[in-house]
Amino acid sequence: MQTWIYDGDLVDEEPEIEMSEKSQTVSSAGKDLSVEIYRMKGTQGWTLEIVDEFNNSTVWDDLFETDSEAIAEAKRAILEDTVGAFVGPSDGKGNDDWR
């Protein structure tokens, strides 16, 4: 049996994830990013995670009140920082040089 930590408590079942319909793939400069917006079922805040083609991910520390706020932040960050800022190394082994 596997034990999970959910909201600070140990539980025997994996928490159920609710995916936002606003999750989407963003393509630019020949690169694809998966913008994933989700929350634990029954909770309020939305998590924003951007995953690159090599399965490297960037997760925001703060939760968003709505999934609309989360997708707006993702688009703002991608436009401001460019897609390349969210693409990590192809081997998935990071170094301190990339975001």
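Each value in this text was obtained by applying a stated rule to the coordinates, not by laboratory testing. Bear in mind the structure is a predicted one, so any value in this text is a computation, not a measurement. Positions of Cβ are backbone-derived with ideal geometry, glycine not excepted, and every protein chain shown enters the neighbour counts.
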| request: Return the distance in nm (one decimal) between the two label points of a simple spin-label model at residue 63 and residue 32, each offset 7 Å from Cα along Cα→Cβ. | output: 3.1 nm
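Which order do peptides 29-35, 15-21 fall in by mean Cβ count within 10 Å, highest first? Working shown, then result.
Numbers: 29-35: 14.4, 15-21: 12.6.
Order by mean packing, descending: 29-35, 15-21.
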| message | As a footprinting exposure proxy, order 79, 48, 63 by other Cβ within 10 Å, with the fewest listed first. | response | 79, 63, 48
| note | Label model pair residue 43, residue 90: point-to-point distance (7 angstrom along the Cα→beta-carbon line) in nm is 3.5 nm
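Please report 68, 90 as a ranked list, fewest other C-beta atoms within 10 angstrom at the top and most at the bottom.
Working: 68 13, 90 10.
The fewest-first ordering by Cβ neighbours comes to 90, 68.
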